[in-house]
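**Q** Below is one structure. I have some questions about it.
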Amino acid sequence: MKLGVIGVGHLAETILRGLLRAGLRPEDICLSPRGHGPQMAKEHGFLLADDNAAVVAASDLVLLAVRPGDAEEAVNGLPWRENQVLMSACAGVPTARLAGPSAPARVVRIMPITASELGASPTIVYPMDPAISPFLDAIGTTMALDTEEQFEAATVSAAIYGWAQDLIRTSAEWGASRGLDPALARQLAAQTFVAAGRIQSEQEAPMGDILASLCTPGGITAAGLERLEQEGIHPAWKGACELVLDMLSTKK
Ligand SMILES: NC(=O)c1ccc[n+]([C@@H]2O[C@H](COP(=O)([O-])OP(=O)(O)OC[C@H]3O[C@@H](n4cnc5c(N)ncnc54)[C@H](OP(=O)(O)O)[C@@H]3O)[C@@H](O)[C@H]2O)c1
């Protein structure tokens, strides 16, 4: 399976690093010549195409990772074939906008995050296509959505990934301000979020029960949660999710 990449920017670079980490061969991956393409080819041995048409001609599967506003133009007029898959990571760009310009290739939407570099991206996909499984498995775990509307709502998670990092940074900076070594405070905050995620991911008990088991009446977790609720954390968080979903939906 030959992979091509159109749009070798920040996201694509992390994906390419994840693919190398998973053992994919750089000579099976062909990059478009813009952005980080030339540098990544020089550093890691990826093939560098002369233009986007050469990327499509050389590939069975093509990752599109240009900015959303550039997506249609980037795929238009290229030599797409039957049995090819165009895998778009462009946030908020519906399949209907890419299907015409990339016919007769099949269009699949994915939303990886930069943890692809670590093989740790929870990547949503719509519609699922068996041809892309080996690629998505190499960068993390795959979560297939049943409808494009669900895919759009699930895309908000890519922004939550950044908000979680902001909470980790806030926690680490607070710890350092209270005398912790900054490097230790960073690791402590980050690993605490990893642990919280793993418990909710790997245990089967209802999410509320897992949380309730931490909240001893009169204890520190309960007291802090009560303060966060008084400050309106839940409506603020859900409001941010709605804002992002509105932004994604207006790109249609
Ligand atoms: N960043 C993330 O964490 C993340 C996460 C999930 C999804 N995404 C999605 O991934 C896409 C890329 O985001 P990004 O942050 O990686 O953006 P970026 O760093 O700006 O990368 C976009 C790249 O596309 C290249 N490009 C633009 N038009 C092109 C064309 N016609 N042919 C070939 N290359 C072209 C640009 O090259 P030049 O520099 O030459 O213009 C640039 O290198 C976006 O649609 C975004 O929604 C990003």
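**Q** Using the Cα gyration tensor of the chain, with a ≥ b ≥ c the square roots of its eigenvalues, what is the shape: rounded (a/c below 1.5), prolate (a/b larger than b/c) or oblate (neither)? List each step's numbers first, then the result.
**A** Working: a/c = 2.37, a/b = 1.82, b/c = 1.30.
Prolate is the answer for the chain, as a/c is 1.5 or above and a/b outweighs b/c.
**Q** Is the range 1-78 rounded, prolate or oblate when judged by the Cα gyration tensor, a ≥ b ≥ c being the square roots of its eigenvalues, rounded requiring a/c under 1.5 and prolate requiring a/b larger than b/c?
**A** On the way: a/c = 1.67, a/b = 1.38, b/c = 1.21.
Because a/c hits 1.5 or more and a/b exceeds b/c, the range 1-78 counts as prolate.
**Q** Same structure, new question: If you stretched the chain out fully between Arg34 and Leu118, how much longer would it get, using 0.36 nm times the residue separation minus the C-alpha to C-alpha distance?
**A** 27.8 nm
**Q** Still on this structure: Full extension from Ser177 to Trp237: what is 0.36 nm times the residue separation minus their Cα-Cα distance, to one decimal in nm? Let's see the in-between values first.
**A** On the way: separation 60, 0.36 × 60 = 21.60 nm, distance 2.54 nm.
Here the answer is 19.1 nm.
**Q** Further question: Considering Cα pairs under 8 angstrom that are at least six residues apart, work out the relative contact order of the chain and quote it in whole percent.
**A** Worked out over the chain, it gives 15 percent.
**Q** What FRET efficiency would be calculated for the residue pair Ala205, Ser133, taking the C-beta separation as r and a Förster radius of 25 Å, to the nearest 0.05?
**A** In this case the efficiency is close to 0.25.
**Q** What does a probe at Ala164 reach in the range 214-242, counting residues whose amide N is under 20 Å from the point 7 Å along Cα→Cβ?
**A** Output list for this probe position: 214, 225, 233-242.
**Q** A further question follows. Could you work out how far apart the two model spin labels at Asp51 and Met143 are, taking each label as a point 7 Å from the Cα in the direction of the beta carbon, and quote it in nm?
**A** 4.0
**Q** Note down the magnitude of the dipole of the range 196-252 about its Cα centre, charges +1 on Lys and Arg C-beta and -1 on Asp and Glu C-beta and zero elsewhere, to the nearest 20 debye.
**A** 280
**Q** Related question: Relative to the Cα centre, what is the charge dipole magnitude of the chain, using +1 at the beta carbon of each Lys and Arg, -1 at the beta carbon of each Asp and Glu, and rounding to the nearest 20 debye?
**A** That gives the chain a dipole magnitude of about 420 debye.
**Q** With the contact rule set at Cα under 8 Å and sequence spacing of 6 or more, what percent relative contact order holds for the range 156-249?
**A** Numbers: 32 pairs, mean separation 24.1, N = 94.
Once divided by the residue count of the range 156-249, the mean separation gives 26 percent.
**Q** Set the Förster distance to 35 Å, then compute FRET efficiency between Met247 and Thr221 from the Cβ-Cβ distance, nearest 0.05. Walk me through the intermediate numbers first.
**A** On the way: r = 33 Å, r/R0 = 0.96.
Efficiency, rounded to the nearest 0.05: 0.55.
**Q** Using helices alone, what [θ] at 222 nm do you get for the chain, with -39,500 (n - 2.57) per DSSP H run of 4 or more residues, divided over all residues and rounded to the nearest 500?
**A** Computed mean residue ellipticity for the chain: -16500 deg cm²/dmol.
**Q** Which values, in whole Å and largest first, are the semi-axes of the equivalent ellipsoid of the range 3-144 obtained as the square root of 5 times each eigenvalue of the Cα gyration tensor? Walk me through the intermediate numbers first.
**A** Details: eigenvalues 78, 66, 35 Å².
After scaling each eigenvalue by five and taking roots: 20, 18, 13 Å.
Here, each number is a calculation from the coordinates, and none is a lab measurement. Computed from a predicted structure; not experimentally measured. Don't worry about glycine lacking a Cβ; one is built from the backbone with ideal geometry, like all the others, and counts go over all protein chains shown.
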